[in-house]
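The structure under discussion appears below in the form of structure tokens.
Just so you know, all these numbers are worked out from the coordinates, no wet-lab data involved. What you see is a predicted model, and the numbers here were worked out from it, not measured in a lab.
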Amino acid sequence: MKSLVHWSILICILLAGCVRDDAVRAASAAAAEGAHRPNPNVVPLAQDYVVVAQVPDARYFFHDPNMALLSDGSILVAAPCWSDDERSTIMKRSDDGGATWRELGRLPYEDATPFMIGDRLYMFVQAETWRDVSFVTSFDRGETWSEPSTIFTGEYWTISNSTVIKDGRFYLALSTKYPDQERKYQRLVMAVADLSQDLLNPAAWRLSNVIDYAPVPDAICRWMFPHEVQVEKFNRPWSGVSWLEHNTVEVNGRIRVLSRCVIDGFSTANLCSVADLDETSGELKLSFTQYYPLPGGQNKFFILYDDVSRFYFLLSNLVTDSQDLFERHAQLKASGFAAPPGNERRWLFLHYSIDCLNWFPAGNVAHWPDRVTQSFMYPSAAIDGDDIILISRTSKDGPNQHDADLVTFHRIRDFRSLTLPLHPGPEAYLPPAQASR
């Protein structure tokens, strides 16, 4: 019996050694593979780009270009192009995955955002920014469009941000103005459409209540840049608190809105506002929930949900010195940089999350390391198989980081490989004694 026990102990020791050796070899192999993989925070994931559109001359800039991936795999871009005297939208389409682009013409809209509902192509359009909510539709991949159908009259606005389709309804968050028309970005309303009806039919749509921005506690903001300080130190002041460019998401059945927050001239960066929609009573009840940290929340961000990995992916701009602690305001102003330093738009990053609140870094998408007046910003994106495709409102040779001279197309390849296994497995919540060892 003793010899049998000794042999059992010896076998266990040998097996443990084999398991340990296998684990060491696996770890070594993973380390070796990682040693040959570029650091995605240093080597950009999609620095190379294709120019989708370029301004005709220095009088123009691109205002909020938007992209839609069509059901046949082609990619449609609406690029509002503005000058002091003219505003119209340049339409482009790629039929080869973004490698080349063909102009489809210009449309008489100051803002335009294409999107797909199933196999149907629609576009939010405004002949005048902040005037009415209108849609058009196309049955030939953007070659021609219907006449606009006005759904709501009044002062509303939106841009290419995430939307939600759930239980036969389409959810689209909108900005609306205060009655005094001075604080134009600071109110939020949810528009919901019944997809059993045509989206061009006003009867298909409902509006929630309107909510105002919530006061920001002094404990999370220093109020460094009042209007008079911005006028003195910076170009293009942006004072107070603003909510704008709202992303609608569904998290475990809950409809939420995450909004960009410009707080105290961008000095308190990386925050978003969170609002929730309650439909339990049959009414659309929108309410502010909280401010929450979000990487790049001070500028326009874009959220994608991936059904395969069950991750949310965030495209946003990170900043380097939002409170001007290095006192570079004189150089910024002389360079032509627009607004205080937290309005930096050189560093476009990708993050991911399982709850759309807590974000893990995936990597740097694209950047301009040399000039503060350059930018990759205002992403509009879609998932194309194993890749994320996106367009950027890009300032390469524009007068500042805001007034973009290009629309550029980028492709983040094999984006799911950039993630960690954040979703808990079947043993994650077992007591230690029951978990496998």
(message) If you fit an axis through the alpha-carbon atoms of helix 2-35 and take the longest principal axis of the Cα set of the chain, what angle between them do you get, 0 to 90°, nearest 10?
(response) 30 degrees
(request) Would you calculate, for the chain, the mean residue ellipticity at 222 nm contributed by helices, counting each DSSP H stretch of 4 or more residues as -39,500 (n - 2.57) and dividing by all residues, to the nearest 500? (result) -3500 deg cm²/dmol
(request) Name the long-range amide H neighbours of residue 297: under 5 Å, sequence gap of 5 or more, or other chain; modelled H, no Pro or chain starts. (result) 270, 271
(message) Could you give each residue of segment 254-266 its phi-based ³J(HN,Hα) in whole Hz, using Karplus coefficients 6.51, -1.76, 1.60 with θ = phi - 60°, and x for Gly or Pro?
(response) 8, 8, 10, 10, 10, 10, 4, 10, 9, 10, 6, x, 6
(message) Compute a Gaussian network model of the chain, connecting alpha carbons closer than 10 Å, and tell me which residue from 290, 47, 186 fluctuates the most.
(response) 290
(request) Answer with a single label: of [x] 191; [y] 428; [z] 201, which was calculated as volume of the Cα convex hull per residue in Å³ from the structure in view? (result) [z]
(message) Apply the Karplus curve 6.51 cos²θ - 1.76 cosθ + 1.60, θ = phi - 60°, to the phi angles in segment 373-379 and return the couplings in whole Hz, x for Gly and Pro.
(response) 8, 9, 7, 10, 8, 6, x
(request) Mind telling me which of 334, 382, 362 comes out most flexible in a GNM of the chain, alpha-carbon contacts under 10 Å? (result) 334
(message) Distance cut-off 30 Å, Cα to Cα: go down the list 333/396; 92/300; 177/396; 92/396; 233/300; 92/233 and report the pairs above it.
(response) 177/396; 92/233
